[in-house]
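Visitor: Take a look at this one; I'll ask things after.
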Amino acid sequence: MAFDPNAATARYIDSLGPAALQKAHDYTVGKEWMLLWGLVVGALVTWLIVRSGLLDRIDRKFDERRLAPRAFVVSLLYFIVAAVLTLPWTIYSDWWREKAYGHTSQPLGDFLGQGALSTAITSLFGALFFVGLYWLIRRAGKRWWIWSGGLTAIVFALVMLLTPVFIEPLFNKYEPVPPGKVRDAVVEMAGRAGIPPNKIYMFNGSRQSNNFTANAGGVGSTARVAISDVALKSASLDEVRAVTGHEIGHYVLKHTWWGILFFSVLAIILFWLGDRLFPRFARVFGSTASIGEPRGIPVLLFIVSLFGLVALPFINTFSRWIETQADQYSLETENRPGALSSAPVKTAEYRYPRPSAVEEFIFYDHPSVERRVSRAMEWKAMHPEPPAK
């Protein structure tokens, strides 16, 4: 009997069972609705901060000519206050709901501790970014938003350069994959792709999440591939090879640099919208600030978040494009379509595998599991698969 890719795809998805599929559907649809509720929370926080007059009072303490310290302090204070006001929503969306669905075993205390550390780091980087942005607004005048893309690219590259070395080790332990068949396979794969063996890590992702994950990150000398201990413990050797091949694909195909370019262009568009719409939104929230004043940062960031949400389908289309390329790289270099199907099926609990075409276009940053399995099965129909290990 000829191999039927469609029937094989259906078997993979159906193997989850009706109860698991329904649970994944409920979790995924709920998370999609939470994007809208998150925007509502953001609007409320913006209104509270603007109406409190806190940033106005801090802003008045600085000489207008001292833009850098003024922008840094006001922006830093905004990020910290916004994080505190958003904390109840963050606990619900990122911890309580994840725990309710069995996606995390992290104690609340550890979640809050890591959240505080994350807030401190993002507030610092965010404040430094806005020092540069407000300097651009003052120096470049009406065309400042054009230059914002260059600033975004520089900051993104700097963050990605520093993150693997200085930031991620604050949240997780990264270490070489332990000696054995898995390490031998991973080192051999890295060598074929021209990646030094010391660029492949495992990390204790189970500290935050029970999800099956891996990632490629960093740029230049800090670029690396990292696989969660959850994935390594629950995956077969073939699945490890297939997933590692996917992550090596991101590395080899320079997807980090493509991401920097994409989000830099997006930043230009979003800040252009911010420039044009700032007076209207400022009136809605009751702010008297102009776009060039640091005390107007809550309004500017709400505009960016609003239209960032509107742009979500295009952001996710870009993301699905590079994820599809990484899958293809894994198939071409490893030729393990069975493992590249069974591994994504393990992610279906937090990403419903059978969304509608519209839902996938708008909300999914990866191709749906069903689509990924289907492509792998179509590949299998045309290419003999090596013996399982």
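The values are calculated or read from the model by the stated rules, or taken from the named source; none is laboratory data. Since the model is a prediction, treat every value here as computed from it, not as a measurement. Every residue, glycine as well, gets a Cβ built from its backbone with ideal geometry; the counts of neighbours run over all protein chains shown. Ligands, DNA and RNA are stripped out before the accessible areas are found, and what is left, the full protein with its side chains, is counted by its heavy atoms. Shrake-Rupley method; radii C 1.70, N 1.55, O 1.52, S 1.80 Å.
Visitor: Collect the residues in the stretch 49-62 that are open to solvent by less than 60 Å² (accessible area, probe 1.4 Å) and in a helix (DSSP H, G or I), keeping them in residue-number order.
Guide: Step one: filter the stretch 49-62 for residues open to solvent by less than 60 Å² (accessible area, probe 1.4 Å), giving 49-50, 52-56, 58-59, 62.
Once the filter is applied, which keeps residues that are open to solvent by less than 60 Å² (accessible area, probe 1.4 Å) and in a helix (DSSP H, G or I), the stretch 49-62 yields ILE49, VAL50, SER52, LEU54, LEU55, ASP56, ILE58, ASP59.
Visitor: For GLY109, state whether it is open to solvent by less than 40 Å² (accessible area, probe 1.4 Å), among the small types (Gly, Ala, Ser) and either in contact (Cβ under 8 Å) with a residue 40 or more places away in the chain or assigned to a helix (DSSP H, G or I) (or both). Please lay out each step first, then the result.
Guide: On the way: open to solvent by less than 40 Å² (accessible area, probe 1.4 Å): no; among the small types (Gly, Ala, Ser): yes; either in contact (Cβ under 8 Å) with a residue 40 or more places away in the chain or assigned to a helix (DSSP H, G or I) (or both): yes.
So GLY109 does not fit the description; no.
Visitor: Among residues belonging to the stretch 346-360 that are in contact with a Ser or Thr (Cβ under 7 Å, 6 or more places away or on another chain) and farther than 15 Å from ASP26 by Cβ, point out the one that is surrounded by the fewest Cβ atoms within 10 Å (Cβ to Cβ).
Guide: LYS346
Visitor: Filtering the stretch 112-133 down to residues that are open to solvent by less than 60 Å² (accessible area, probe 1.4 Å) and of a type in the set (Val, Ile, Thr), which residue is nearest to LEU270 (Cα to Cα)?
Guide: Checking each candidate, the answer is VAL131.
One line per residue, one yes/no per condition, for (1) at pLDDT below 80; (2) surrounded by fewer than 16 Cβ atoms within 10 Å (Cβ to Cβ):
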site	(1), (2)
MET160	no, no
THR163	no, no
TYR174	no, yes
ALA185	no, no
MET189	no, no
ASN198	yes, yes
GLY217	yes, no
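Visitor: Sticking with this one: Would a scan of the stretch 138-158 turn up a residue that is assigned to a loop (DSSP other than H, G, I, E, B) and open to solvent by less than 70 Å² (accessible area, probe 1.4 Å)? Don't jump to the end; show me each part of the working.
Guide: Pass one, the stretch 138-158, residues assigned to a loop (DSSP other than H, G, I, E, B): none.
No: the stretch 138-158 contains no residue that is assigned to a loop (DSSP other than H, G, I, E, B) and open to solvent by less than 70 Å² (accessible area, probe 1.4 Å).
Visitor: Whether any residue in the stretch 23-45 is touching a helix residue (DSSP H, G or I) at 6+ places or on another chain (Cβ under 8 Å), among the acidic types (Asp, Glu) and at pLDDT below 95 is what I want to check.
Guide: Scanning the stretch 23-45, I find no residue that is touching a helix residue (DSSP H, G or I) at 6+ places or on another chain (Cβ under 8 Å), among the acidic types (Asp, Glu) and at pLDDT below 95, so the answer is no.
This table checks each residue for (1) under 30 Å from ARG375 (Cα atoms); (2) open to solvent by 50 Å² or more (accessible area, probe 1.4 Å).
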{"position": "ARG11", "(1), (2)": "yes, yes"}
{"position": "LEU21", "(1), (2)": "yes, no"}
{"position": "TRP47", "(1), (2)": "no, yes"}
{"position": "GLU64", "(1), (2)": "no, yes"}
{"position": "LEU67", "(1), (2)": "no, no"}
{"position": "ALA83", "(1), (2)": "no, no"}
{"position": "ASP94", "(1), (2)": "no, yes"}
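Visitor: Name the residue, out of LYS233, LYS254, that is farther than 22 Å from ALA348 by Cα and open to solvent by 20 Å² or more (accessible area, probe 1.4 Å).
Guide: On the way: LYS233 fails: farther than 22 Å from ALA348 by Cα.
Just a single option satisfies the conditions, and that option is LYS254.
Table: residues versus (1) small (Gly, Ala, Ser); (2) farther than 30 Å from ARG51 by Cα; (3) in contact (Cβ under 8 Å) with a residue 24 or more places away in the chain.
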| residue | (1), (2), (3) |
| --- | --- |
| PRO294 | no, no, yes |
| PHE302 | no, no, yes |
| LEU306 | no, no, yes |
| PRO353 | no, yes, yes |
| ARG371 | no, yes, no |
| HIS383 | no, yes, yes |
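Visitor: Condition first: under 30 Å from ALA190 (Cα atoms), open to solvent by less than 60 Å² (accessible area, probe 1.4 Å) and either under 17 Å from the mean Cα position of the chain (by Cα) or of a type outside the set (S, T, N, Q) (or both). Can you find one or more residues in the stretch 304-315 that meet it? Before you say what the answer is, go through the steps one by one.
Guide: From the stretch 304-315, those under 30 Å from ALA190 (Cα atoms) are 315; that's our starting set.
Filter once more, keeping what is open to solvent by less than 60 Å² (accessible area, probe 1.4 Å): 315.
In the following step, the residues that additionally are either under 17 Å from the mean Cα position of the chain (by Cα) or of a type outside the set (S, T, N, Q) (or both) were identified as 315.
Checked against the condition, which is being under 30 Å from ALA190 (Cα atoms), open to solvent by less than 60 Å² (accessible area, probe 1.4 Å) and either under 17 Å from the mean Cα position of the chain (by Cα) or of a type outside the set (S, T, N, Q) (or both), the stretch 304-315 yields at least one hit.
Visitor: Quick check, is HIS246 of a type outside the set (Gly, Ala, Ser), at pLDDT below 95 and in contact with a Ser or Thr (Cβ under 6 Å, 6 or more places away or on another chain)? Steps first, answer last, please.
Guide: On the way: of a type outside the set (Gly, Ala, Ser): yes; at pLDDT below 95: yes; in contact with a Ser or Thr (Cβ under 6 Å, 6 or more places away or on another chain): yes.
Spelling it out, HIS246 is indeed of a type outside the set (Gly, Ala, Ser), at pLDDT below 95 and in contact with a Ser or Thr (Cβ under 6 Å, 6 or more places away or on another chain).
Visitor: Could you count how many residues in the stretch 183-211 are assigned to a helix (DSSP H, G or I) and among the polar types (S, T, N, Q)? I'd like the intermediate steps shown before the answer.
Guide: Initial filter on the stretch 183-211 (assigned to a helix (DSSP H, G or I)): 183-192, 197-199, 205-207.
Pick out the ones that are also among the polar types (S, T, N, Q) and you get 198, 206.
Number of matching residues: 2.
Visitor: Follow-up question, since we're still on this one. Give just the number: which of (1) in contact with a Leu (Cβ under 9 Å, 6 or more places away or on another chain); (2) crowded, with 17+ Cβ neighbours inside 10 Å; (3) modelled with pLDDT of 95 or more does SER319 not satisfy?
Guide: SER319 satisfies every listed condition except (1).
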